[in-house]
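Engineer: The structure follows.
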Amino acid sequence: MKIILSTLLIACIILISSCYYDKEDLLYGGSNSGPCTDSTGAVSYSQKVVPVFQQLCYSCHNSSFPSGGILMGTYTADKAIGQNGTLYGSINHSVGFSPMPKGMSKMTACQIATIKKWVDAGMQNN
């Protein structure tokens, strides 16, 4: 009886673990803040960038508690860290930058691409 139960348990574990799939971008078609940006048009700061920042950045990098001395939460502050390279280096987990968001998994490829496109296009307040 023990052998049958053990075999059944092992078979169930193998079956359940074989169904795991962790590619969020492929499963859900992009970031949590909407579909990934296409190659045309400008990225809207207010509609695409701010929702990502609200979800993953502003709780730690705000005027009450600017973690690591990095202040975010206004267009001027967000643009400043975009201009000096801190923003992209950190969210892309580039060497020499503190990987963000701290203590969480890396942003999705779509979220990173959206923010990079906004930075590369001159960080418009749109």
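The values are calculated or read from the model by the stated rules, or taken from the named source; none is laboratory data. Small disclaimer: the values here were computed from a predicted structure and weren't measured. Heads up, the Cβs are rebuilt from the backbone with ideal geometry, glycines too, and the neighbour counts pull from every protein chain shown.
Engineer: Looking at the range 41-75, which of its residues are farther than 14 Å from Val119 by Cβ, part of a helix (DSSP H, G or I) and more than 13 Å from the chain's Cα centre (by Cα)?
Structural biologist: Once the filter is applied, which keeps residues that are farther than 14 Å from Val119 by Cβ, part of a helix (DSSP H, G or I) and more than 13 Å from the chain's Cα centre (by Cα), the range 41-75 yields Ser46, Gln47, Ser67, Gly68, Gly69.
Engineer: Take Tyr28 and decide whether it is at pLDDT 95 or above, surrounded by 11 or more Cβ atoms within 10 Å (Cβ to Cβ) and aromatic (Phe, Trp, Tyr).
Structural biologist: No, not satisfied.
Engineer: Related question: If you scan the range 76-116, which residues turn out to be in contact (Cβ under 8 Å) with a residue 40 or more places away in the chain, assigned to a helix (DSSP H, G or I) and within 18 Å of Leu56 (Cα to Cα)?
Structural biologist: Of everything in the range 76-116, those that are in contact (Cβ under 8 Å) with a residue 40 or more places away in the chain, assigned to a helix (DSSP H, G or I) and within 18 Å of Leu56 (Cα to Cα) turn out to be Asp78, Lys79, Gly82, Ala109, Cys110, Gln111, Ala113, Thr114, Ile115.
Engineer: Met123 passes all but one of (1) crowded, with 18+ Cβ neighbours inside 10 Å; (2) under 16 Å from the mean Cα position of the chain (by Cα); which number fails?
Structural biologist: Failing condition for Met123: (2).
Engineer: Need pairs with beta-carbon distance below 7 Å; first residue more than 14 Å from Lys79 (Cα to Cα) and within the range 41-59, second among the acidic types (Asp, Glu) and in a loop (DSSP other than H, G, I, E, B); sequence gap 6+ or separate chains.
Structural biologist: Matching pairs, first to second residue: none at all.
Engineer: Would you be able to tell me the number of residues in the range 45-93 that are over 23 Å from Gly103 (Cβ atoms) and surrounded by 17 or more Cβ atoms within 10 Å (Cβ to Cβ)?
Structural biologist: Count: 3.
Engineer: Can you tell which of Thr108, Thr74, Thr86, Thr114 is among the hydroxyl-bearing types (Ser, Thr, Tyr) and under 20 Å from Gly41 (Cα atoms)?
Structural biologist: That would be Thr114, the only listed residue that is among the hydroxyl-bearing types (Ser, Thr, Tyr) and under 20 Å from Gly41 (Cα atoms).
Engineer: Condition test on Ser98, is it among the small types (Gly, Ala, Ser), surrounded by 16 or more Cβ atoms within 10 Å (Cβ to Cβ) and in contact with a Ser or Thr (Cβ under 9 Å, 6 or more places away or on another chain)?
Structural biologist: Taking the combined requirement at face value, the residue does not satisfy it.
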